[in-house]
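The values are calculated or read from the model by the stated rules, or taken from the named source; none is laboratory data. All of these numbers come straight from a predicted model, not from anything done at the bench. Positions of Cβ are generated from backbone atoms using ideal geometry, with glycine treated the same way; all protein chains shown enter the neighbour counts. Surface areas here come from the heavy atoms of the whole protein model, side chains and all, with no ligands, DNA or RNA. Shrake-Rupley method; radii C 1.70, N 1.55, O 1.52, S 1.80 Å.
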Amino acid sequence: MTAPAPGRGPAVVLVGPPGSGKSTVGALLAERLGRTLRDTDRDIEEAAGKAIPEIFLDDGEPRFRELEAAAVRAAVTGHDGVVALGGGAVLDPGTRALLTGLPVVFLDVAHGEAVRRVGLDAARPLLAMNPRQQWRTLMEQRRPFYTEVARAVVQTADLTPGEVAQAVLDALELTTA
């Protein structure tokens, strides 16, 4: 199957926790499909005029989640390429409803691999304090939502970004441009 025709919604929507590779794999998928990547975290930063950690610090998580829901809505209704959602976007019931019927893939990553990829810095506000435990807690909370919205789950363990991109294409039965 080829990707949906341009103008008919996203070709692929990637969901998953921090460190799962959504942005990296999304860029590869966009290239292979001859489409563009839309990363909702970047959209939020552009709309707010500041980085996500600053939004959390200055405006709080509730304001960030409002911006996130708006960014997701704009991306999934107005973009025909690949969309990478922020890790917590699926917490919003409205977002989950928007994702119904779309080609959503959950990039599932093991805890140790995610922590290695994300690192132990404070650039990700929800992982700033005790990142290993915070990541576990986030996954306990979010995994049911990731699986709820996903048409397919791709395990990323021991795969290169290119192999993950191919697994996504295979899972959705998409052919490349």
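Give the range 166-177 a look and list any residue that's surrounded by fewer than 16 Cβ atoms within 10 Å (Cβ to Cβ) and either touching a His at 6+ places or on another chain (Cβ under 6 Å) or not in a loop (DSSP other than H, G, I, E, B) (or both), or say none.
170, 175
Quickly run through the range 19-35 and pick out the residues that are under 14 Å from the mean Cα position of the chain (by Cα) and farther than 13 Å from residue 83 by Cα.
19, 20, listed by residue number.
What number of residues within the range 145-165 are part of a helix (DSSP H, G or I), within 19 Å of residue 101 (Cβ to Cβ), open to solvent by 20 Å² or more (accessible area, probe 1.4 Å) and of a type outside the set (Val, Ile, Thr)?
The total comes to 2.
Output the qualifying pairs, or none if there are none: Cβ atoms under 7 angstrom, residues six or more apart or on different chains, first residue in the range 142-168 and farther than 29 Å from residue 93 by Cβ, second residue among the acidic types (Asp, Glu) and in a helix (DSSP H, G or I).
Qualifying pairs under 7 Å: 157/113.
Is it the case that some residue within the range 103-121 is at pLDDT 95 or above, of a type outside the set (Ser, Thr, Tyr), open to solvent by 50 Å² or more (accessible area, probe 1.4 Å) and not in a strand (DSSP E or B)?
The answer is no; no qualifying residue exists.
Take the residues in the range 7-18 that are over 10 Å from the mean Cα position of the chain (by Cα) and open to solvent by 10 Å² or more (accessible area, probe 1.4 Å); name whichever of them is modelled with the lowest pLDDT.
7
So residue 96 ticks every box in (1) more than 13 Å from residue 12 (Cα to Cα); (2) open to solvent by less than 10 Å² (accessible area, probe 1.4 Å) but one. Which box is left unticked?
All conditions pass for residue 96, except number (2).
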